[in-house]
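Structure first, commentary second.
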């Protein structure tokens, strides 16, 4: 019989189809292949095709010239812009706000054809350092209430450019799903006087059956009530509400784990499209005992249908215990 | 400058890219084409390939034989089943429930190759009658808290079989997004002492710029803060919280409007994949002054990326005023 499981943070129920479990090979949609591109705006030598960089890791070369290993630029077609005043307006019964914010692109490597999973560990570490650097810079602008760090990999996951990159979107409001997660974690805290994510880390590390990877500082797990097959969370063992407070000594740990996880997904799911999203507390809010930053990695294997849109109620054809086992046991070449 | 707009029911913010508005032709992904199939389990003569029917409209022929115009059968691979007890269980910090529910398929016509938009108005009306019939039947089972009526059309919208069909999923819990909509509507009601949807109908009918279609009983509008380009809501003018309370005299009106809307979408967006979802109050709850049933129709034009998953914060490249104008002005052949 299928099982309904409740996410302990948001209270979201998912249906886990334990009866007709689907294996990795049932999902294969063709590997993400990076096409060569003559006029890629992210390639070295084309620095003038993007807005001027806001951050770059370079070996002594000039800004907006080749010679960088990582480069952060404003999105040429941003969904939100920094300029302008934050005006709220009424329109009959409706409310609107001017679209103040920011949208930045993190070009992870000068190499056009290599994916993040294939790049050296140092590149992954640099990406997370650059995330941290930009968050610390942008949070000085008190209009920006939420900074969203994420990566779309492959067209099926919403990526329109092949050259490996991640993104930051700064928003003038805290989005609804983020607030829902914060509120859910707070309710748990009020009841238990413990952080729900700390409890998850404890229970998962002790159970073991949903653990994908472990390091001294992080745990990668298939969550108990995943929305999607092979959804995996990377959770720091030490409590902290804000990603940007990560200690320097944890960075190599995080980079190793993220890269290893992506490589395992590439292996088991044959180079799937994926999204990862850094879930972190709103930048303008103080450290929170009830919230715990983490990263959610979601390979794009299934199509979200009317049922899911209508209800926020997901049907997941792969139990997380099986997904974790496939990933845990995947040997790497 | 892009504009942030707030949905008056759920409080969800969306970014409307008013600057670089995208036209219908920017979205075309190739029309949905129904492939002929030798062994379609929904075609007449193959009645034994589905579980026995729970409802059919027939001209005197025997159950589970050809001679029907519409047929409702349990899904052969249901996400939930009627059999079994509804047991809640703890598992350390986690909660689960046995997957009691129902999953039914509405085969809209014996004709394999014709889409709902292309079928006669009578077929669309029959589909909504069949929805109503099954809801009234299933709500007698008090374990079933929510009945979700929806249609996935085309592979991109999650449909796996070409033969035109809709679905019903009966759930033992009220899903989170549904509860969120109910709660949002209730908050508005507490503040204004009016139904938010009744207010929307009034304001939209009076403004006119987001109206797609009007009949005596229904209004089809592009909502003020749509998540997706060309998202359209069909809202009854008369207040009612539960779909199944629809009066017989409204049915031809609803059928005409749904068919006309789908035909206009076929015209403007060149036969897109789409989902429609009936939003209605939980079946076991009494009539509600604050909630108002309606249908949300979402053509599947864009890919949902990491940004949307992470935040529930949507970027919509087409202002609803423009989407409504395209649909309103679309001539039909």
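What follows draws every value from the coordinates through simple rules; no lab data is involved. All of these numbers come straight from a predicted model, not from anything done at the bench. Every residue, glycine as well, gets a Cβ built from its backbone with ideal geometry; the counts of neighbours run over all protein chains shown.
At residue A:141, label 7 Å along Cα→Cβ: distances to the other copies, nm, ascending?
5.3
Over chain B, with a single point scatterer placed on each C-alpha, what log10 of the ratio I(q)/I(0) does the Debye formula yield at q = 0.08 1/Å?
-0.39
What FRET efficiency comes out for residue B:10 versus residue B:48 if R0 is 60 angstrom and r is the Cβ-Cβ distance? Round to the nearest 0.05.
With a Förster radius of 60 Å, E is 0.85.
Apply the a/c threshold of 1.5 to the C-alpha gyration tensor of region A:228-333 and tell me whether it is rounded, prolate or oblate.
The shape class here is oblate.
In nm, what does the list of distances from residue A:67 to its counterparts in the other copies look like, shortest first, when each label sits 7 Å along Cα to Cβ?
Those label-point separations list as 8.6 nm.
Arrange A:303, A:264, A:122 by Cβ neighbour counts within 10 Å, fewest through most, would you?
A:122, A:303, A:264
Fully extended, how many nm does the chain gain between residue B:202 and residue B:142 (0.36 nm per residue separation, minus their Cα-Cα distance)?
That pair, residue B:202 and residue B:142, stretches by 18.0 nm at full extension.
Count the DSSP beta bridges whose two residues both fall in chain B, then state the antiparallel fraction as a percent rounded to the nearest 5.
Of all bridge pairs located within chain B, approximately 90 percent are antiparallel.
What is the spin-label model distance, in nm, from residue B:91 to residue B:209 if the labels are put 7 Å beyond Cα along the C-beta direction?
Output for this residue pair reads 5.2 nm.
Using Cα springs under 10 Å in a Gaussian network model of chain A, which residue among A:234, A:79, A:212 shows the largest mean-square fluctuation?
Evaluated over chain A, the most mobile residue of the options is A:79.
Treat each spin label as a single point 7 Å out from the Cα along the C-beta direction, and report the residue A:77 to residue A:187 distance in nm.
Rounded to a tenth, the inter-label distance reads 3.9 nm.
For a test of the definition: using alpha carbon positions, the gyration tensor, and the 1.5 limit on a/c, classify region A:36-85 as rounded, prolate or oblate.
Oblate shape, in that a/c is at least 1.5 and b/c is the bigger or equal ratio.
How many partner chain Cβ atoms sit within 10 Å of a residue's Cβ in peptide B:68-81, on average, as a whole number?
The mean count of partner-chain Cβ atoms within 10 Å per residue comes to 2.
Averaged across B:94-105, how many Cβ atoms of other chains sit within 10 Å of each residue's Cβ atom?
The per-residue average across the peptide is 5.
Could you sort the peptides A:125-134, A:36-45 by per-residue average Cβ neighbour count (10 Å cutoff), highest mean leading?
Averaged packing, sorted descending, gives the order A:125-134, A:36-45.
Using 7 Å Cα-to-Cβ label points, what is the residue A:160/residue A:332 separation (nm, one decimal)?
3.3 nm
Please state the shape class of the protein assembly as shown: rounded when a/c is under 1.5, otherwise prolate if a/b exceeds b/c and oblate if not, all from the C-alpha gyration tensor.
Prolate, because a/c is 1.5 or more and a/b exceeds b/c.
7 Å along Cα→Cβ for the label point: how many nanometres lie between residue B:155 and each equivalent label in the other copies, listed shortest first?
1.3
Highest first, please rank the peptides B:169-181, A:62-74 by the mean number of other Cβ atoms sitting within 10 Å of their residues.
Those peptides, ordered most packed to least, come out B:169-181, A:62-74.
Tell me, how many Å apart are the Cα centres for region B:82-141 and for region B:262-280?
Answer, in whole Å: 20.
Over chain A, what is the relative contact order in percent, taking alpha-carbon pairs closer than 8 angstrom and at least six residues apart?
Contact order relative to length: 22 percent.
Within 10 Å of each Cβ in A:1-9, how many Cβ atoms from other chains are there, averaged over the peptide?
6
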